[in-house]
Amino acid sequence: MSSPVAQRETVRDIEAICRLDLGSRELRRRIAERLTRLVPADSYCFGAIDPTTLLITDDVSAGLTPAAAAAAVHNEYLVDDVLKFAALARSEVSAGTLGAATGGDPESSHRYRDVLPMIDARHELRASFVVDHQCWGAIALFRGGGRPDFTPTDVAVLRRLSAPVAAALRRAVHRAPAHTAPGPAEAGVLLLDQDLRLLSENPAAKLWRDELASSGAELPIAVLEVAARGRGATLPAYGRIRGRSGQWLSVHASPLSGGPYPTPLAVTMHPASTADMAEVLPLAYGLTPRERDVLARVFASLPTRAIAMELHITAATVQDHLKSIFAKTGVRNRRELVATILDL
């Protein structure tokens, strides 16, 4: 069992990593490397999460196979089970173990029976990273049967790290990535079977999959997540993903109809619209709900007095909100604000 001194040092070190100006993937790699010195794990998956859809938009992992990742996505969205990431994101308890969540009966968990054996694991610790009631990431740590289960102390460390890690992941959303050529301008279209295996795709889809850095998997985990949520749904499932170049994609998935065979799933990927980014990036800058209300009206080109009338506040209060928004986004005026939010 780790000592209290080691726990404090780990939390302090990870908080220091969180203060660095790092991109999301490098940030998660460094946090996982430091965390697993205190909380050893045979494998892990550390995902960035869209706070609006609660879908994993990208994952940094170690010791996981593409088949295990696909099975985990199937479990996450299509199977009734415990300790789901979305549930953790909404819970006051941000971390927990599979053993505790099943009351000491892990065999009752579909994930324990069908997913963990694929990576020779028997113990799992999950945590969500939440700040200001918004989830920006989640991690799953796994141990094999030769190791003891994760302890309440391990869980407590993850809970202490929830807010600082979430704040760092939030900042990383609007950090410009390293220079990389963006993906194609046209939409990518994929057809998947009922087991979310790729049947066919157009040339743009292949280019978009390369842009999303699928780490050897047939499909990026974020695409699989949207597809899993869309399978059997009456309305298309939707998610936002950021590629290696920094370009944001909108991903939609819905089942096709007709024909004598099991209906395939259509998935489309295309550059995210202005409306998409106007929704997520204000959250990334940590704008308050009222500041987001003001920003939405700035996008609509409303003057200060009209914004005040619509929101039933004074023009001076609108100006105060604008000053706060400018400070958080690092701009000097409305024109720079709109360009910063929409041109990322």
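The table below gives the values:
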item	result
So Ala205, is it over 18 Å from the mean Cα position of the chain (by Cα) and either crowded, with 16+ Cβ neighbours inside 10 Å or at pLDDT below 70 (or both)	yes
Only one of Ala101, Ala69 that is in contact (Cβ under 8 Å) with a residue 24 or more places away in the chain and either hydrophobic (A, V, I, L, M, F, W, C) or under 29 Å from Asp276 (Cβ atoms) (or both)	Ala69
Residues within segment 52-78 that are open to solvent by 30 Å² or more (accessible area, probe 1.4 Å) and part of a loop (DSSP other than H, G, I, E, B), tallied	4
Selection count where residues are surrounded by fewer than 21 Cβ atoms within 10 Å (Cβ to Cβ), among the small types (Gly, Ala, Ser) and either touching a helix residue (DSSP H, G or I) at 6+ places or on another chain (Cβ under 7 Å) or closer than 17 Å to Gly47 by Cβ (or both), scope segment 92-127	1
Residue in segment 11-25 that is loosely packed, with under 15 Cβ neighbours inside 10 Å and under 22 Å from Arg244 (Cβ atoms) present	yes
Members of segment 8-48 that are among the small types (Gly, Ala, Ser), more than 11 Å from Leu169 (Cα to Cα), in contact with a helix residue (DSSP H, G or I) (Cβ under 8 Å, 6 or more places away or on another chain) and part of a helix (DSSP H, G or I)	none
Residue in segment 298-320 that is among the β-branched types (Val, Ile, Thr), open to solvent by 70 Å² or more (accessible area, probe 1.4 Å), in contact with a helix residue (DSSP H, G or I) (Cβ under 9 Å, 6 or more places away or on another chain) and touching a residue at least 60 places away in the same chain (Cβ under 8 Å) present	no
Leading residue by the ranking (farthest from Met277 (Cα to Cα)) among those in segment 295-341 that are in a helix (DSSP H, G or I) and of a type in the set (Ser, Thr, Tyr)	Thr317
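The values are calculated or read from the model by the stated rules, or taken from the named source; none is laboratory data. These numbers come from a predicted model, not from an experiment. As a convention, Cβ positions derive from the backbone with ideal geometry for all residues, glycine included, and neighbour counts pool all protein chains shown. The protein model used for the area step is the full one, side chains on, heavy atoms only, and it has no ligands, DNA or RNA in it. Shrake-Rupley method; radii C 1.70, N 1.55, O 1.52, S 1.80 Å.
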